[in-house]
Amino acid sequence: MVEESTTDYNISNQAFENARFVSLLKNLKYFLIGRNNELLSFEQIKKGFGLYKQKYLGIQTVPVEDIVGSFDRYMDFDKYFLPKKNHLQRRWARIHNLIVRDVILPPVKLYKVSKIYFVVDGNHRVSVSKKMGIKFIDAEVVEFLTDATITHDMDPKDIFIQIEREKFLNVTGLKHSRPDIKIRITAAGQYDFLLGQINKLMVQLNENKKDKEKLITFQEASIIWYDNIYLPAIEIIKSYGILEKFPDRTKTDLYIWINEHKRFLSLKYGREVVIKFAASDFILRYKKNLFRRIKLKLTNLKYKIIHSR
């Protein structure tokens, strides 16, 4: 057995102080660019995706870079698993010292969601391993099953957009009724726009229904909306070549933009305009002009605010 020494602990304490300093620098950097440097919370992800089905995977060797969150210590470490609090030093330095001396430690315990992992037990071991550049770690793994695809290099914003998508597909029932559905949005909060359209359609259909005892459900309205409103509009967007002018956006992004523009034009002219006219006007005005695209969003927002009062 390798003997411990004061020098070893001094090295480990210095390693902790260096990790804390790097964490402070990263916090400052993320503050200046307006982004957060927080570790993912398992409970937040579990609640968002509605994760309940579990599968025990046993002891595995896991890539350390895929461990991006924690069950209950997400406030103690930043998104790089660097320590954020000074009271972690004693435990952190102790683990560092053991790893430096090649002492075999028990496996950490992890929850797996898609392709990422959350620490249940062993946060300090993961933190030290990441700081030391260790590539793999032994872990006892329980997987929470989901259809979503999440990877370690995804921005948290994109993960929460995935959560919004999952909720949209579940509440509309389109996940099962239209399993090949391709709806994807790149901005947070926009799935509410689609849900609003479906709800409006459901109300209109039920108001026009003669048999009031058999009202159309939200999920039935979702199918009608998808087949008869969304997909035809996507074909119009494709036929105008709009997507090629906005390579960083999805078809659904443009569907929302053009529908917002359609509402703006309808309010402007005092009558309902068709989606083809809105798409044509949109592409003529905004396909090459960034300033006009910004103006479009501001103008539509103004009309939205005025007419929502």
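Of the residues that sit in region 147-165 and are in a helix (DSSP H, G or I) and of a type in the set (Asp, Glu), which one is farthest from Tyr80 (Cα to Cα)? The extreme case among them is Glu164.
Scan region 206-226 and give yes if some residue there is within 18 Å of the chain's Cα centre (by Cα) and either farther than 23 Å from Val274 by Cβ or in a loop (DSSP other than H, G, I, E, B) (or both), otherwise no. No, there is no match, as no residue in region 206-226 is within 18 Å of the chain's Cα centre (by Cα) and either farther than 23 Å from Val274 by Cβ or in a loop (DSSP other than H, G, I, E, B) (or both). Say whether the condition of being buried (at least 18 other Cβ atoms within 10 Å of the Cβ), without any contact (Cβ under 8 Å) to a residue 60 or more places away in the chain and either basic (Lys, Arg) or touching a Lys or Arg at 6+ places or on another chain (Cβ under 7 Å) (or both) is met by at least one residue in region 42-62. No. Applying the criterion of being polar (S, T, N, Q) and assigned to a strand (DSSP E or B) to the residues of region 36-67, the residue that is nearest to Lys135 (Cα to Cα) is Thr61.
From the list Ile134, Ile95, Ile104, pick out the single residue that is more than 26 Å from Lys26 (Cα to Cα) and aliphatic (A, V, I, L, M).
Exactly one of Ile134, Ile95, Ile104 is more than 26 Å from Lys26 (Cα to Cα) and aliphatic (A, V, I, L, M), namely Ile104.
In region 244-265, the count of residues that are surrounded by fewer than 19 Cβ atoms within 10 Å (Cβ to Cβ), in contact with a Ser or Thr (Cβ under 9 Å, 6 or more places away or on another chain) and hydrophobic (A, V, I, L, M, F, W, C) is zero. Any residue in region 243-265 that is more than 30 Å from Asp158 (Cβ to Cβ) and either small (Gly, Ala, Ser) or in a helix (DSSP H, G or I) (or both)? Yes, the conditions are met somewhere in region 243-265. Residues that are part of a strand (DSSP E or B) and acidic (Asp, Glu) were ranked within region 102-146; the one that is farthest from the chain's Cα centre (by Cα) is Asp138.
Taking every residue in region 212-228 that is more than 14 Å from Ile181 (Cα to Cα) and pairing it with any residue that is polar (S, T, N, Q) and surrounded by 12 or more Cβ atoms within 10 Å (Cβ to Cβ), at least 6 positions away or on another chain, the pairs with Cβ-Cβ distances below 8 Å are Lys212/Asn206; Leu215/Asn206; Ile216/Asn206; Phe218/Thr172; Phe218/Asn199; Gln219/Thr172; Gln219/Ser177; Ala221/Asn199. Considering (1) under 21 Å from Glu38 (Cβ atoms); (2) of a type outside the set (Gly, Ala, Ser); (3) in the same structural domain as Asn37 (by TED's automatic domain parsing), the lone condition that Arg101 does not fulfil carries the number (1). List the pairs whose first member sits in region 103-123 and is in contact (Cβ under 8 Å) with a residue 60 or more places away in the chain, whose second member is crowded, with 18+ Cβ neighbours inside 10 Å and of a type in the set (Lys, Arg), and whose Cβ atoms are under 9 Å apart, counting only residues at least 6 apart or on separate chains? Going by the 9 Å Cβ cut-off, the qualifying pairs are Phe118/Lys112.
In region 235-256, the residues that are assigned by TED's automatic domain parsing to the domain that holds Phe193 form Cβ pairs under 7 Å with partners that are hydroxyl-bearing (Ser, Thr, Tyr) and part of a loop (DSSP other than H, G, I, E, B), at six or more places apart or across chains, as follows: Arg249/Thr186; Thr250/Thr186; Asp253/Thr186.
The values are calculated or read from the model by the stated rules, or taken from the named source; none is laboratory data. A quick note: this is a predicted structure, and the numbers were derived from the prediction, not measured. Cβ: placed from backbone, ideal geometry, glycine included. Neighbour counts: every protein chain shown.
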